[in-house]
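The values are calculated or read from the model by the stated rules, or taken from the named source; none is laboratory data. Treat the numbers as computed from the prediction; the structure is a model and nothing was measured. Quick reminder, even Gly has a Cβ in these numbers, built from the backbone with ideal geometry, and neighbours come from all protein chains shown. Quick note on the areas: whole protein, heavy atoms, side chains included, nothing else; ligands and nucleic acids left out. Shrake-Rupley method; radii C 1.70, N 1.55, O 1.52, S 1.80 Å.
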Amino acid sequence: MTTPTPLIAGNWKMNGLASSLAEAKAVAEGVGTTSVRVGICPPSLLIHRMTEALAGTKVLVGGQDAHTDDTGAFTGDISAEMLADAGAKLVILGHSERRDAYRESDALVAKKVLAALRHGLEPIICVGESLEQRKAGQALEVVTAQVRGSLPAELKGKAFAVAYEPIWAIGTGLTPNNPQIEEIHGAIRETLTAMFGEDADKAPILYGGSVKPSNAAEILHAREVGGALVGGASLKAEDFLAIIRAV
Ligand code: 13P
């Protein structure tokens, strides 16, 4: 069994202006030569400038979404090819905010993953249950079905990550306890092994949802937690660095 290299990725969501590049540079300076993989996914307009600002550092830059197609009449959309062209190495796909606001289905997310693979981007594929689903005892079933439906067979042998982000923990300050996280991460790992065999052992399973400096060490030491996808706390270099150092 190969242990995945931990990945700590920041999802800036719709936050960040040119002036925020200083925060990304402070992260790059602070991480130095850590063995942890570190990524920042800023709004798409900052991707190119951020890759230039962080050239030669350990910090990878990523997108927050990509279209299924490479080009075409899709007003307002951005393709995986464009992200790669701008210097991105990672891309978040199937975030619950997009599954909700833009009705993204598992099948659509799987097509986006194919687009990412066509252009050499490492996808971070998000899954997670709602509060109603958790209360109804459906969390495991919902999450494993999302993994099966959102990860195409073509991922076999490729670099990718899965992020478990319970919707009720995002931006709320609430987090599942470690046994709850371990139950879901264990089930995701079993599903990945069933789908891709040992090839998937290298894929980290990230936890996301209200990760902050004060809870990072506890969460990151839970079984099968291979890193974190961090929202709000990734906007400040000091907080994001404290989370990276908690690995
Ligand atoms: P918060 O860390 O702000 O809860 O956001 C989590 C998230 O959605 C990361 O993708």
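Taking the conditions exactly as written (under 20 Å from residue 241 (Cα atoms) and among the charged types (D, E, K, R)), does residue 37 satisfy them or not? When the stated conditions are applied, residue 37 passes them.
Results for (1) farther than 21 Å from residue 105 by Cα; (2) touching a Leu at 6+ places or on another chain (Cβ under 8 Å), shown as yes or no for each residue.
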{"position": "134", "(1), (2)": "no, no"}
{"position": "139", "(1), (2)": "no, no"}
{"position": "163", "(1), (2)": "no, yes"}
{"position": "199", "(1), (2)": "yes, no"}
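Per this entry, residue 27 is not counted among residues that are surrounded by fewer than 18 Cβ atoms within 10 Å (Cβ to Cβ) and within 20 Å of residue 247 (Cα to Cα).
Listed by first and then second residue, the pairs linking a residue in segment 159-175 that is within 28 Å of residue 120 (Cα to Cα) to a residue that is in a helix (DSSP H, G or I) and near the ligand (Cβ under 10 Å from one of its atoms), with Cβ atoms under 7 Å apart and 6 or more places separating them unless they lie on different chains, are 165/96. Considering (1) in contact with an Asp or Glu (Cβ under 9 Å, 6 or more places away or on another chain); (2) closer than 16 Å to residue 125 by Cα, the lone condition that residue 63 does not fulfil carries the number (1).
Residue check: is residue 127 aliphatic (A, V, I, L, M) and under 24 Å from residue 83 (Cα atoms)? Even if it seems obvious, please write down each step before you answer.
Working: aliphatic (A, V, I, L, M): yes; under 24 Å from residue 83 (Cα atoms): yes.
Yes.
Only residues that are assigned to a loop (DSSP other than H, G, I, E, B), farther than 30 Å from residue 22 by Cα and among the polar types (S, T, N, Q) were counted across segment 189-234, and they come to 0.
Contact map, segment 125-141: first residue within 16 Å of the ligand (Cβ to nearest atom), second residue open to solvent by less than 60 Å² (accessible area, probe 1.4 Å) and polar (S, T, N, Q), Cβ cut-off under 8 Å, separation 6 or more or different chains; pairs are 125/150; 126/96; 127/146; 127/150; 128/96; 128/146.
Examine segment 69-76 for a residue that is of a type outside the set (Ser, Thr, Tyr) and surrounded by 16 or more Cβ atoms within 10 Å (Cβ to Cβ), and state whether such a residue exists. It would help to see each step written out before you state the result.
Going residue by residue through segment 69-76, those that are of a type outside the set (Ser, Thr, Tyr) are 69-70, 72-74, 76.
Those still in the list that are surrounded by 16 or more Cβ atoms within 10 Å (Cβ to Cβ) too: none.
No, every residue in segment 69-76 fails to be of a type outside the set (Ser, Thr, Tyr) and surrounded by 16 or more Cβ atoms within 10 Å (Cβ to Cβ).
Reported count of residues in segment 220-247, each being over 16 Å from residue 37 (Cα atoms) and open to solvent by less than 10 Å² (accessible area, probe 1.4 Å), is 1.
Hey, can you tell me all the residues within segment 200-219 that are surrounded by fewer than 24 Cβ atoms within 10 Å (Cβ to Cβ) and within 10 Å of the ligand (Cβ to nearest atom)? Within segment 200-219, 210, 212 qualify.
All conditions but one from (1) away from the ligand (no atom under 14 Å from the Cβ); (2) assigned to a helix (DSSP H, G or I) apply to residue 157; the one that does not is (2).
Please go through (1) assigned to a loop (DSSP other than H, G, I, E, B); (2) surrounded by 14 or more Cβ atoms within 10 Å (Cβ to Cβ); (3) away from the ligand (no atom under 15 Å from the Cβ); (4) more than 17 Å from the chain's Cα centre (by Cα) for residue 186 and return the number of the only condition it doesn't satisfy. Condition (1) is where residue 186 drops out.
When you check residue 58 against the structure, is it surrounded by 23 or more Cβ atoms within 10 Å (Cβ to Cβ) and of a type in the set (Lys, Arg), yes or no?
Taking the combined requirement at face value, the residue does not satisfy it.
Residues that are surrounded by fewer than 23 Cβ atoms within 10 Å (Cβ to Cβ) and small (Gly, Ala, Ser) within segment 116-138 comprise 120, 130, 136, 137, listed in sequence order. Given the condition more than 16 Å from the ligand (Cβ to nearest atom), open to solvent by 60 Å² or more (accessible area, probe 1.4 Å) and either assigned to a helix (DSSP H, G or I) or modelled with pLDDT of 95 or more (or both), answer yes or no: does some residue in segment 160-176 qualify? Checked segment 160-176: no residue is more than 16 Å from the ligand (Cβ to nearest atom), open to solvent by 60 Å² or more (accessible area, probe 1.4 Å) and either assigned to a helix (DSSP H, G or I) or modelled with pLDDT of 95 or more (or both).
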